[in-house]
Every structure is written in structure tokens, then in C-alpha cells.
Amino acid sequence: MAGYKSRKTALRKRIREPVEPLYTVDEAAEQLRVSRRTIVRWIRKGEQTDGTDGLAPVYALGRNCVRIPASAINRMLQARIV
């Protein structure tokens, strides 16, 4: 039983670590000041180029449920500023 408690404690510690915020397509479009359709195009472009161009990585949580990490949005913002 001691092993179970230590695993449970380790799991709690992992859960409490800060996690990068994830945004919906609509939230990303608002932050980048583009349309929802443009975000979808950038996601497809990122998938086709293995993340070297476009918006990547993204997390597909279901058929129509995509989440975009804040780091990907920040990269796009930096690319658009330069």
C-alpha cells in the first residue's frame, strides 16, 4: 500500500504544475485579429508543413474540437510583427 500512496502523491504534484493555456479557434482568431476561417487555414498549413509554417502544434480533442496552445499563438504574433 505504501507504493500506492507515493504514486498518488506524485500524480497530485504533476496535476498542480502550471499548464500552458489552450485556446479555442474563436479565441485564437480574436487574439490574432483574423477570421475563424484564417485560423483553420493556418492550422491546415501547419499540419502540411510539419509545423515549420502555419499554426502548429494544435491539439484535436474531438472531431470538431481543436485547442491551440498559447506558444503557437505567440509565434504567429511574432511572425506577423516582423
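The values are calculated or read from the model by the stated rules, or taken from the named source; none is laboratory data. This structure is a prediction, so every number in the text was calculated from the model and none was measured. Cβ coordinates were reconstructed from backbone atoms using ideal geometry, including for glycine residues, and neighbour counts include every protein chain displayed.
Cβ-Cβ under 6 Å, sequence separation 6+ or interchain: first residue in the range 42-60 and hydrophobic (A, V, I, L, M, F, W, C), partner in a loop (DSSP other than H, G, I, E, B). Which pairs?
Partner pairs satisfying both residue conditions: 42/54; 42/55; 43/55; 43/58.
Look through the range 61-82, keep the residues that are free of Cβ contacts under 8 Å to residues at least 24 places away in the same chain and not in a helix (DSSP H, G or I), and return whichever of them is surrounded by the fewest Cβ atoms within 10 Å (Cβ to Cβ).
82
Under the condition of being at pLDDT below 90 and acidic (Asp, Glu), which residue from the range 1-35 is farthest from residue 61 (Cα to Cα)?
Checked the range 1-35; the qualifying residue farthest from residue 61 (Cα to Cα) is 17.
Does residue 38 satisfy the condition of being at negative phi, at pLDDT below 85 and of a type in the set (Ser, Thr, Tyr)? First the steps, then the outcome.
Numbers: at negative phi: yes; at pLDDT below 85: no; of a type in the set (Ser, Thr, Tyr): yes.
The answer is no for residue 38.
Among the residues of the range 21-40, how many are farther than 18 Å from residue 78 by Cα and either in a helix (DSSP H, G or I) or of a type in the set (Asp, Glu) (or both)?
So the answer is 5.
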